[in-house]
Structures are given as C-alpha cells and as structure tokens.
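Before I ask anything, let me first share the structure, which is written out below as structure tokens.
The values are calculated or read from the model by the stated rules, or taken from the named source; none is laboratory data. These numbers come from a predicted model, not from an experiment. Using ideal geometry, Cβ is built from the backbone for each residue, glycine included, and neighbour counts are taken over all protein chains shown. For the accessible areas, the whole protein counts, side chains as well, though only heavy atoms, and no ligand, DNA or RNA atoms are used. Shrake-Rupley method; radii C 1.70, N 1.55, O 1.52, S 1.80 Å.
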Amino acid sequence: MKKAAAKQAAVKKAAVKKTAAQKPASKKAASEKAVAKKAASEKAVAEKAASEKAASEKAASEKAAAKKAAVEKAASKKAAVEKAAAERPQPAGKPESPTALVRRARRINRELAEVYPYAHPELDFENPFQLLVATVLSAQTTDLRVNQTTPTLFAKYPTPEDLAAANPEEVEEILRPCGFFRAKTKSVIGLSKGLVEQFGGEVPGRLEDLVKLPGVGRKTAFVVLGNAFGRPGITVDTHFQRLVRRWRWTAETDPDKIEAAVGALFPKSDWTDLSHHVIWHGRRMCHARKPACGVCPIAPLCPAYGEGETDPEKAKKLLKYEKGGFPGQRLKPPQAYLDAGGRPAPPLGAVSGT
C-alpha cells in the first residue's frame, strides 16, 4: 500500500515538474512571436517609407528635368534670335540687338497684315486631300496653273481611293500643264495609296505622319496643317526665303534652319498668317529681280530698300495681281478677297503673275 502511494506521489511530482518546464517554453515562444510580429511591422513601415521616399525623389527628379528642359528650350530660342541678329550684316557702328530685331520683324508683319488683310492660301481646295495634292503639284509652277488643272483632276478622281487606283498615263495627261508631270503623277498616286493603306483614306493632321507620304516635305505639310487643320506652321517657299534674308531676319539658306530662325522671332500662333503675309508681299511687290521699293509699305523698316525701283510711278507699274489691277491666282477666291477688289483667275489663259 505504501509502495503504491509512493509511486503515485512520484508520478504526480513528475507531472508537476513537466508542467513547470513547459510553461517557460510556452512563454518564451509567445515572446519570440511578439518580437517577430513587431519586427515585421517595423519592416513594413520602413519599406513603405522607402517607397514613399523613392516616389517623392522620382517626382522631384521629373519636375527638375521638366524645368531644365523648359530652361534649355528658352535658351535655345534666345540663342536663335541672337544668332539671327549676329549673322545679319549691319551698317558700321549700328548693330541691331536681338530685341530690336524681334520688334522690327513683328512690326513688319503687322504692317503687312494691314496691306493684305485678305491673305490666304492661293490654291483652290475644298478639303484637306485636295489641298495636299494641289500643294504637291505647285512645285516648280504657279498656283494659277495648278488651279486651272485640278478641277479636271478632282472631277475624275475625287477621293484618295480613286486616285490611288488611277491609270498613271491618264493622270499624266491631266497634269501635263503643271510641268514635271511624270514625277508629279507618281507622287500624287503614291501619296493617295499611302493615305488609303496607312490612314484609312484620311489626311493625317500630324507633321510626322504627313512627311512620310511620297512627295510631301515640311513645306507642303505646314501648308496643309495651317490651312486645313488650323495648326500653326511656317511655309518656307522661294518667296519666303528671299524676303526674310532681304529683311535680314536671318542669313540662313537651308529651309529648315530658316524655319527655326524665323519661328524664334514670332509667337507660334502667328506662324501661318505670317507665312501668307510674307509670300503675298513677295509675289506682289518684293520681286526677286526688281522689287517695287517706291511703293512698298514697309520701306522704312527694310534694310534692302533701294535694291529695286524707288520712283513711285515706275514702281507702281511693277505691282502684280490685285495690287496692280490684275486677276489673282484662284478661280474661286474667298469673298474677303473679292470684297477688297480682287478678281478671280480665269479657268484658262495666260499666267498673270508668279
């Protein structure tokens, strides 16, 4: 009996001892779990803080980059103006500052806007496709000749799809009066195919898309963008090149560099109308061989005054189109042009200007 009681007591004692041993282990595990949980929480907070810091630094970097780009753009524009001013030959002792150049250039544009308030593209067109084709055809010929040719072309091939599928020989016959008719036929059929295959038969409204089309360069693209889509652009044709150098806005001879130099002198919103004003003046008064200096409204602002006829009566005889009492180049000119005394061009007949 005593032996059984002693055994039972020993078992009980062992159980108590085991329980006592397990209690610290459990407490230790709980403590370790709490520590691990706290560490995980601290790690998450640290990672979140690091992520927010990285995002903040990235935003600050992007903002700094944008600010730097804006500063560089402004500096580039200023440099272009200064370069244009420096390149122009000046009378001894009287250099024109960049600021003075900008003011003179903008005043010339304002004066021309008063002389040609009805200035417009001198190609007849009813939609962007017609303007695009007509502009391509106008290379190395007059707008009048193009305007006398396109009615027949568009009557037979009114859409890009129609012209893309045209017989080249038939198109060549229509375009023969425009000169270089084989090359121009290839261009207008090629650009029509490009419009159909790449743009669903629609003329794109972006410079980078337009210049991908056959026969379409920056000059043609800006004519279309400015007059069919209302997007500013400078049209550097032969008249524009001649006049901006004659006025000493720039000494550049490359069309792209002329575009950049002149663009730096004016707000972008002025570019399309500026192109019309300069080109119209070049066609009517400021001719290549014999400018009509004696009747020029911007003579006081022109460094080249005197290169042409300075006698008012003789100079008046050099005027062309509506300024000389002759028909214009468009068969269907805007009403504002007619209201100002302009006359439409005849469907057929001699060219009355350049």
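Spot the failing condition for Ala228; the list is (1) crowded, with 20+ Cβ neighbours inside 10 Å; (2) in contact (Cβ under 8 Å) with a residue 40 or more places away in the chain; (3) under 30 Å from Leu191 (Cα atoms), and only one is missed.
(1)
Just checking, does region 256-269 include any residue being modelled with pLDDT of 95 or more, farther than 23 Å from Leu132 by Cβ and more than 17 Å from the chain's Cα centre (by Cα)?
No, every residue in region 256-269 fails to be modelled with pLDDT of 95 or more, farther than 23 Å from Leu132 by Cβ and more than 17 Å from the chain's Cα centre (by Cα).
On to the next question. What's the number of the only condition in (1) at pLDDT below 95; (2) on the phi < 0 side of the Ramachandran plot; (3) more than 21 Å from the chain's Cα centre (by Cα) that Gln140 fails to meet?
Failing condition for Gln140: (2).
Tally up the residues in region 197-218 that are among the small types (Gly, Ala, Ser), closer than 18 Å to Ala164 by Cα and either surrounded by fewer than 16 Cβ atoms within 10 Å (Cβ to Cβ) or modelled with pLDDT of 95 or more (or both), please.
2
Scan region 283-303 residue by residue and report those that are open to solvent by less than 10 Å² (accessible area, probe 1.4 Å) and in contact with a Lys or Arg (Cβ under 6 Å, 6 or more places away or on another chain).
Correct list: Arg284 only.
Does any residue in region 146-161 that is on the phi < 0 side of the Ramachandran plot come within less than 6 Å, Cβ to Cβ, of a residue that is open to solvent by 60 Å² or more (accessible area, probe 1.4 Å) six or more places away or on a different chain, and which pairs are these?
Pairs that qualify, where the first residue is on the phi < 0 side of the Ramachandran plot and the partner is open to solvent by 60 Å² or more (accessible area, probe 1.4 Å), are Thr149/Pro177.
Given the options Ala315, Ala221, name the one that is of a type in the set (Gly, Ala, Ser), outside any loop (DSSP other than H, G, I, E, B), open to solvent by less than 20 Å² (accessible area, probe 1.4 Å) and in contact with an Asp or Glu (Cβ under 6 Å, 6 or more places away or on another chain).
One residue alone meets the criteria, Ala315.
Considering every residue within region 325-338, establish whether at least one is outside any loop (DSSP other than H, G, I, E, B), surrounded by fewer than 21 Cβ atoms within 10 Å (Cβ to Cβ) and free of Cβ contacts under 8 Å to residues at least 24 places away in the same chain.
Yes, there is a match, as at least one residue in region 325-338 is outside any loop (DSSP other than H, G, I, E, B), surrounded by fewer than 21 Cβ atoms within 10 Å (Cβ to Cβ) and free of Cβ contacts under 8 Å to residues at least 24 places away in the same chain.
Does Asp209 meet the test of being over 17 Å from the mean Cα position of the chain (by Cα) and among the acidic types (Asp, Glu)?
Values: over 17 Å from the mean Cα position of the chain (by Cα): no; among the acidic types (Asp, Glu): yes.
In short, no.
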